[in-house]
Structures are given as C-alpha cells and as structure tokens.
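Peer 1: Next up is a structure, given as structure tokens.
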Amino acid sequence: MSKCKRDSGWDFRGVNTREYTHGLHQYPAMMIPQVARKLIGMVNPYSKWLFDPFCGTGTSLVEGALADFSVCGTDLNPLARLISNVKTRDYDMDALQQSENRLQNMLKELSEVEISQSFNQLLEEEREKWNSWFPEETLVEIGQLTGAIDELNQDDSTDLMRISLSNSLRRVSFQRNHEFKLYRIPVEERESFSKDLLPVFKNELQMAVNGIRHYQNRLKAGVEVEIHSFNTVETVGKEYHYRTGKWVDAVVTSPPYGDSSTTVAYAQYSWLSNRILGLDNRVAGALDRELMGGSKADIVETGCTELDLTLDKIEEIDSSRAQEVMAFYLDYQLSINNVSSMMTPGAFSGYVVGNRTVKGVKLPTDIFTAWCFENNGFNHKETIVRKFPMKRMPYETSPSNIEGKKSPTMKEEYIIICEAER
C-alpha cells in the first residue's frame with residue numbers, strides 16, 4: 001500500500017507567515033512556520049535537541065525554540081546564518097531599545113555620519129560595479145547607515161540592524177522585481193530610478209523589533225541555540241557528536257530542491273547583502289559551487305529504481321543536465337547518511353521536499369528521500385502531499401539560466417516523515 005497521501009490540512013491557506021521573528025528577512029523558498037510547527041508537534045516532547053541541516057533563515061529553529069526544544073542548525077550561506085542568529089537570539093529588550101533609540105537619533109542627522117570604512121573600501125575597489133546596482137545617492141546612504149550602525153558597537157542590536165539594512169537593499173537597488181536571481185532593470189530605466197533608503201530601513205527595523213518582542217514574550221528560559229557553518233554532505237554525524245557531545249533527537253528541515261545555480265538561487269539572492277555586510281567577499285558563483293550539486297558527476301546507479309530510471313530519461317535528452325542532477329542527488333544522499341548517524345534511536349525526521357522538473361521530466365525527490373532514510377535504518381511512516389500557496393518563491397523560475405526563458409514554479413511539496421529504529 002502507498003504511504004503517500006494528499007492532505008489539505010497541511011496547505012495553510014491564508015495564514016500569517018510573518019508572526020514572531022519569521023518576517024525579519026525575505027529569503028527564497030522559505031518553509032512556512034505552520035508546516036514546521038505541525039511537524040515539531042509530532043516530535044516526542046521528551047526530546048531535547050532538534051536539528052536542521054539546511055536551516056536557511058531559521059524557520060524550524062524559531063519554532064523549535066518556541067516549543068521548548070534546544071535547537072541546532074547549519075547552513076553554508078553566511079547571510080542565512082546571520083538571519084538565523086538574529087531571529088533566534090534571546091535579547092535583553094531594554095538594551096535593544098536603548099540601541100534603537102541611539103540609532104534613531106543618529107538617523108536624524110545621517111548626512112553628518114561618516115561612511116563606514118569597510119563600505120568605503122568596497123566602493124573604492126569596485127566603484128563601477130556598485131554604480132551598476134545602485135544610484136549614487138543610495139550608495140552614500142548605505143555607507144552612512146552602515147557607519148551609524150558601526151558606531152553602536154553592540155553585537156545583539158547591530159546584527160539586528162544589519163539584517164534590517166540587508167532586507168532593504170534590493171528594494172532600493174536596480175534589481176528587477178519578482179526575481180531572486182541577479183537581474184537588473186534595463187539601463188535606460190536606471191537614470192530615473194530613485195527610492196530613499198531611510199524610510200525603507202526604518203520600517204524594516206520597526207517590524208523587526210516588534211517581531212522580536214513577540215518572540216521574546218513566548219520564549220522560555222533555558223533554550224539553547226546553536227548556528228553552525230559545517231556542510232552535512234562532508235561532516236559525518238558521529239564526528240559532530242564527538243565535537244559537541246550532543247546527539248540529535250529530531251530533524252525538521254526543507255532541503256534545497258536542486259543545485260542552487262539552476263533552481264532556487266540562494267547564493268545569487270544573498271550576494272548583495274553578503275558583499276555589503278562583509279559576510280562573503282567572493283562572486284556569487286563561488287557560494288553556488290559549495291552548495292549541494294554545485295558541480296557535475298558521472299551518471300551512476302544509486303539503487304533507487306525510480307531515480308535511476310528518471311536520470312536515464314534526462315540523460316537521453318541532455319547528458320550535461322543529467323550530470324548536474326546526478327551531482328545533487330549524490331550530495332543529498334551523503335547528507336542524509338551523515339544526518340542519520342547523528343540521530344538517537346526512535347528519533348523523528350520530517351523532510352519537506354519539492355519534486356522539480358528537469359527537461360520536462362519530474363524528479364522523484366520524495367521517493368529518494370524515503371529510500372535514503374530506510375537504507376539508514378529508519379522506518380518510513382508516511383509522505384504527505386501539500387499545496388504551497390504561501391511558499392515564498394518567484395512566480396516563475398529560469399532553470400536554464402537564460403534570461404527571459406521561464407518555467408512555472410512547483411505548486412506542491414512532499415513531507416516525508418520517518419522514524420529511526422529503536
């Protein structure tokens with residue numbers, strides 16, 4: 001009997017996806033909090049550590065902390081890690097309010113604030129590049145605002161303010177609307193484009209502080225939070241345990257749908273912020289190559305019949321694309337193997353995946369996920385199919401990386417629930 005079923009109770013149409021700190025920063029393909037919350041509600045309440053191997057901006061970590069679990073996440077994107085840290089931190093609200101008041105006073109005389117040294121150096125080294133992304137007056141505003149934030153010199157508050165700036169950058173840049181990849185508006189439209197940074201930033205900061213206050217009111221004392229940068233494709237779970245002394249009781253995550261360069265463009269989306277905040281000074285493609293499936297791999301038999309047949313179909317159409325898909329699934333399998341080795345007997349696993357289409361062929365990521373866990377001694381309990389009307393994704397994607405050539409995004413995803421043998 002098939003363990004796959006469609007359940008409209010997981011669709012969550014019309015819900016508020018920005019409560020608590022979930023609305024602090026946009027990010028591609030974010031798992032909505034209600035899905036994470038429902039999965040976490042299925043975890044044994046006596047569990048302690050909840051882990052997300054692809055934590056992104058921390059949706060499952062926030063929900064886990066609010067459910068009184070200690071949480072641990074890892075992500076290779078520096079911007080994602082910073083957002084997760086800001087969203088899950090236990091703040092001193094009085095100190096945060098004082099820092100916000102100080103910044104608001106500086107913003108009244110922003111023209112008197114010196115441009116931050118780090119941003120000034122960035123402009124000196126790559127002036128032409130940054131002029132192709134922002135109007136000149138906006139670059140001055142960014143420099144002065146980063147200078148004002150630097151003057152505060154307080155980690156908790158300054159990280160929050162940097163995230164508020166980060167979430168403002170695309171809105172005042174030449175970036176095209178409804179695109180996560182790096183596409184600018186036409187050159188002829190840039191001369192007349194102008195949008196003041198300060199009102200956008202102030203609005204973002206106010207919403208962020210309100211979200212943190214709401215989160216703090218619910219957060220209980222004693223919850224531990226850890227954000228890491230290790231790659232679960234490479235790090236064996238037992239090595240992680242020996243370093244930290246922790247085993248994982250539950251995993252709730254939404255892994256990438258495929259390699260970043262041809263699916264959801266995490267690295268490209270984050271590039272402006274990573275550069276301007278000084279988090280990653282490389283070109284966007286460098287981070288893409290580090291993420292799952294960032295290279296090509298020879299076609300091999302995985303042992304999962306459904307995936308092997310699918311790869312054969314794609315190889316007949318385009319061998320190069322088949323090699324890219326192969327690389328992703330080989331990395332994905334290694335990640336699941338390593339995550340499984342971190343988990344306690346009876347541990348809960350909830351993976352939320354999408355079955356993307358490559359060259360007109362639908363990939364069986366849900367089946368492959370269950371198969372990988374079963375090979376690691378887990379029982380596949382069920383797979384739930386949900387529509388995601390609220391998922392934060394572009395209306396269309398550009399899987400070929402050819403500007404203007406679009407494909408519709410996925411309309412549903414699969415929740416694979418497994419349990420480690422006791």
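No value in this document is a laboratory result; all are computed from the given coordinates. Computed from a predicted structure; not experimentally measured. Please note: Cβ atoms are built from the backbone with ideal geometry, for glycine as well, and neighbour counts cover all protein chains shown.
Peer 1: At 222 nm, what helix-only mean residue ellipticity would the chain give, in deg cm²/dmol to the nearest 500, using -39500 (n - 2.57) for each DSSP H run of four or more?
Peer 2: Values: 16 runs with 187 residues, N = 422.
It comes out at -13500 deg cm²/dmol, rounded to the nearest 500.
Peer 1: So what are the ³J(HN,Hα) numbers for the stretch 195-208, from phi and the Karplus equation (6.51, -1.76, 1.60; θ = phi - 60°), rounded to whole Hz, Gly and Pro as x?
Peer 2: Computed from phi, the couplings for the stretch 195-208 are 8, 5, 6, 4, x, 5, 5, 4, 5, 4, 5, 5, 5, 5 Hz.
Peer 1: Just to be sure I follow: if Rg is taken over the C-alpha atoms of the stretch 93-215 and Rh is the Kirkwood radius over the same atoms, what is Rg/Rh? Write out the running numbers ahead of the final one.
Peer 2: Numbers: Rg = 15.1 Å, Rh = 15.3 Å.
Rg/Rh: 0.99.
Peer 1: Can you give me the distance in nm between label points at GLU128 and ILE185, each placed 7 Å from the Cα along the Cα-to-Cβ direction?
Peer 2: Simple spin-label model gives 2.4 nm for this pair.
Peer 1: Does the stretch 186-334 classify as rounded, prolate or oblate by the C-alpha gyration tensor (a ≥ b ≥ c root eigenvalues; a/c under 1.5 gives rounded; else a/b over b/c gives prolate, otherwise oblate)? Don't skip to the answer; put the middle values down first.
Peer 2: Details: a/c = 2.47, a/b = 1.24, b/c = 1.99.
Here the stretch 186-334 falls in the oblate category.
Peer 1: Quick one: which residues, 5+ away or cross-chain, put their amide H under 5 Å from the amide H of MET30? H built at 1.01 Å from N.
Peer 2: Excluding prolines and chain starts, which carry no amide H, the hits are ARG392.
Peer 1: Beyond 28 Å between alpha-carbons counts as too far, so tell me which of LYS181/LYS202; LYS87/LYS296; LYS3/LYS296; LYS38/LYS246; LYS246/LYS296 fall in that bin. Could the numbers behind the result be given before it?
Peer 2: Values: LYS181/LYS202 26 Å; LYS87/LYS296 35 Å; LYS3/LYS296 32 Å; LYS38/LYS246 24 Å; LYS246/LYS296 34 Å.
As for pairs spanning more than 28 Å Cα to Cα, those are LYS87/LYS296; LYS3/LYS296; LYS246/LYS296.
Peer 1: Using θ = phi - 60° and the Karplus relation 6.51 cos²θ - 1.76 cosθ + 1.60, list the HN-Hα couplings for the stretch 73-87 in order, rounded to whole Hz, with x at every Gly or Pro.
Peer 2: Whole-Hz 3J(HN,Hα) from phi for the stretch 73-87: x, 9, 7, 7, 8, x, 5, 4, 5, 5, 4, 4, 4, 5, 6.
Peer 1: Once amide H atoms are placed 1.01 Å from N in the peptide plane, what residues at a sequence separation of 5 or more from THR74, or on another chain, have their amide H within under 5 Å of its amide H?
Peer 2: Those qualifying (amide H under 5 Å, at least 5 residues apart or on another chain) are ASP52, PHE54, CYS55, HIS228.
Peer 1: Next up: Mind putting together the pair-distance distribution for the stretch 129-196? All Cα pairs, 5 Å bins, whole percent per bin, short to long.
Peer 2: 3, 16, 25, 21, 15, 11, 6, 2, 0
Peer 1: A further question follows. For the chain, what mean projected area does the convex hull of the alpha carbons give, in nm²? Present the calculation step by step, with values, prior to reporting the outcome.
Peer 2: Working: hull surface 83.8 nm².
Taking the Cα atoms of the chain, their convex hull projects to 21.0 nm² on average.
Peer 1: For the stretch 10-128, what does the convex hull of the Cα positions come to per residue, in cubic angstrom?
Peer 2: Values: hull volume 20.6 nm³, N = 119.
Considering the Cα atoms of the stretch 10-128, their hull volume per residue is 173 Å³.
Peer 1: Can you pull out the GluC sites (Glu not before Pro) in the stretch 72-169 whose DSSP state is coil and whose Cβ has at most 10 other Cβ atoms within 10 Å? Write out the running numbers ahead of the final one.
Peer 2: Working: sites: GLU100, GLU109, GLU112, GLU114, GLU124, GLU125, GLU126, GLU128, GLU136, GLU137, GLU141, GLU151; in loops: GLU109, GLU114, GLU126.
Sparse-neighbourhood loop GluC sites (Glu not before Pro): GLU109.
Peer 1: If you don't mind, there's one more thing I want to ask. Work out the charge dipole of the chain with +1 on the Cβ of Lys and Arg and -1 on the Cβ of Asp and Glu about the Cα centre, then indicate which of PHE348, GLN26, VAL325 is farthest towards its positive end.
Peer 2: My answer, from the dipole projection, is PHE348.
Peer 1: Wrap a convex hull around the Cα atoms of the stretch 179-230, take a quarter of its surface area, and give that in square nanometres. Numbers along the way, then the final one.
Peer 2: Details: hull surface 28.1 nm².
Spelled out: convex hull of the Cα atoms, projected over all directions, averaged, 7.0 nm².
Peer 1: List the relative contact order of the stretch 93-215 as a percent without decimals, with contacts defined as Cα pairs under 8 Å and 6+ residues apart.
Peer 2: Details: 102 pairs, mean separation 33.8, N = 123.
In percent, rounded to a whole number, it is 27.
Peer 1: How large is ³J(HN,Hα), in whole Hz, for each residue of the stretch 120-125 in order, when computed from phi with the Karplus curve 6.51 cos²θ - 1.76 cosθ + 1.60 and θ = phi - 60°, using x for Gly and Pro?
Peer 2: Each residue's phi maps through the Karplus curve to give 4, 5, 4, 5, 5, 7 Hz.
Peer 1: State to the nearest 20 debye the size of the charge dipole of the chain about its Cα centre, where the only charges are +1 on K and R beta carbons and -1 on D and E beta carbons.
Peer 2: On the way: 48 positive and 60 negative charges, 276 e Å.
So the dipole magnitude of the chain works out to roughly 1320 debye.
Peer 1: Amide H neighbours of ARG184 under 5 Å, at least 5 residues apart or on other chains, H built in the peptide plane: list them.
Peer 2: Close amide H contacts, sequence-distant or interchain: ARG176.
Peer 1: Ok, one more. In percent, what relative contact order does the chain have, based on Cα pairs under 8 Å that are 6 or more apart in sequence?
Peer 2: Values: 751 pairs, mean separation 92.0, N = 422.
That works out to 22 percent.
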